[in-house]
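Data first, discussion second: the structure below is written as structure tokens.
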Amino acid sequence: MGITERREREKQEVRQRILDAARELFVKDGYEAVTMRKVADAIEYSPTALYLHFKDKEALIRELCHEDFLSLARAFQRIAREPDPLERLRKIGHAYVDFGLTHPNHYRLMFMTERGVQTTDEEQKEMGKGNPTQDAYAFLRATVVEALLKEKLRPEFTDPDLISQALWAGVHGVVSLHVAMRHDSWMDWKPVRKVAALVTDTMVDGLARKKDR
């Protein structure tokens with residue numbers, strides 16, 4: 001490996017350390033309480049070193065969100081070849097749960113932490129909004145649209161966004177409950193993947209026409 005390649009690899013390693021440390025801090029302390037200095041202290045770097053990678057805290061959390069949402073979209077792409085849209089919806093539910101359980105800190109920041117920054121339409125476009133290969137919601141919605149076009153869903157359900165968001169809310173409830181309460185001993189918690197499978201099957205079967213259940 002040449003000097004240029006080694007320096008680029010070291011730069012990317014530092015960048016990833018910054019992102020990982022910032023993610024943990026944003027989840028633990030909240031967006032407003034985190035400063036660039038706190039992130040720098042967490043990885044034992046100077047704030048100046050951070051500014052070589054990110055111009056400010058807003059740029060840092062935007063990159064975090066882009067990276068994490070892209071990871072979720074990539075997880076969905078592994079099931080993109082499933083020909084049956086109803087079966088794909090089930091697999092989307094399972095993939096979503098697997099992502100949340102495997103990456104709880106990512107999940108907390110993405111879906112359980114208030115972020116004090118908004119993205120512009122142009123920034124959203126650059127981040128792949130609406131592209132099913134880069135946007136997990138777009139992938140889910142496209143699958144719902146396909147199910148509607150193939151008349152797989154009950155005729156009273158016609159709004160793809162309403163259906164998509166209801167499905168999302170169901171699996172989000174499973175993951176967020178597990179992430180927030182998994183150490184609580186008050187209840188006899190059932191295996192989370194069994195709960196997720198029951199929720200997913202109940203939602204999909206409830207939407208599907210009888211012949212497709």
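Assorted remarks:
- Among the criteria (1) surrounded by fewer than 18 Cβ atoms within 10 Å (Cβ to Cβ); (2) modelled with pLDDT under 90; (3) closer than 26 Å to residue 136 by Cβ, the one residue 61 does not fulfil is (1).
- Selection count, the range 40-56, where residues are touching a residue at least 12 places away in the same chain (Cβ under 8 Å) and either touching a Cys at 6+ places or on another chain (Cβ under 8 Å) or of a type in the set (Val, Ile, Thr) (or both): 1
Here is a yes/no grid of residues against (1) hydroxyl-bearing (Ser, Thr, Tyr); (2) farther than 23 Å from residue 125 by Cα; (3) surrounded by fewer than 16 Cβ atoms within 10 Å (Cβ to Cβ); (4) more than 20 Å from the chain's Cα centre (by Cα):
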position: 43; (1), (2), (3), (4): no, yes, yes, yes
position: 49; (1), (2), (3), (4): no, yes, yes, yes
position: 57; (1), (2), (3), (4): no, no, no, yes
position: 76; (1), (2), (3), (4): no, no, no, no
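- Scanning the range 183-210 for residues that are more than 30 Å from residue 28 (Cα to Cα) and not in a helix (DSSP H, G or I) turns up 208, 209.
- From 165, 124, 134, residue being of a type outside the set (D, E, K, R) and touching a residue at least 12 places away in the same chain (Cβ under 8 Å): 134
- Residues within the range 47-77 that are under 24 Å from residue 207 (Cα atoms) and of a type in the set (Lys, Arg), tallied: 0
- Of the helices (runs of 4 or more DSSP H) lying entirely inside the range 1-111, those containing at least 3 residues that are more than 22 Å from residue 134 (Cβ to Cβ) are 3-29, 36-42, 47-51, 85-102.
- Any pair with Cβ under 9 angstrom, 6 or more apart, that starts in the range 11-39 at a residue that is exposed (fewer than 12 other Cβ atoms within 10 Å of the Cβ) and ends at one that is aliphatic (A, V, I, L, M): 33/25; 37/50
- Residue tally, condition within 14 Å of the chain's Cα centre (by Cα) and either over 23 Å from residue 67 (Cβ atoms) or surrounded by fewer than 17 Cβ atoms within 10 Å (Cβ to Cβ) (or both), over the range 136-164: 0
- Hits in the range 1-53 (condition: of a type in the set (Phe, Trp, Tyr) and within 20 Å of residue 68 (Cα to Cα)): 26, 31
- Scanning the range 163-201 for residues that are of a type in the set (S, T, N, Q) and under 16 Å from residue 96 (Cα atoms) gives 164, 165, 176, 200.
- Residue check, residue 199 among the hydrophobic types (A, V, I, L, M, F, W, C), within 16 Å of residue 89 (Cα to Cα) and touching a residue at least 24 places away in the same chain (Cβ under 8 Å): yes
- Annotation: of all residues in the range 101-125 being of a type in the set (D, E, K, R) and surrounded by 13 or more Cβ atoms within 10 Å (Cβ to Cβ), the one that is nearest to residue 194 (Cα to Cα) is 108.
- Taking every residue in the range 78-94 that is at pLDDT 95 or above and crowded, with 18+ Cβ neighbours inside 10 Å and pairing it with any residue that is acidic (Asp, Glu) and part of a helix (DSSP H, G or I), at least 6 positions away or on another chain, the pairs with Cβ-Cβ distances below 6 Å are 85/146; 86/212.
The values are calculated or read from the model by the stated rules, or taken from the named source; none is laboratory data. Remember, predicted model here, so these are calculated numbers, not experimental data. Neighbour counts are summed over all protein chains in view; Cβ atoms, including those assigned to glycine, are modelled from backbone coordinates with ideal geometry.
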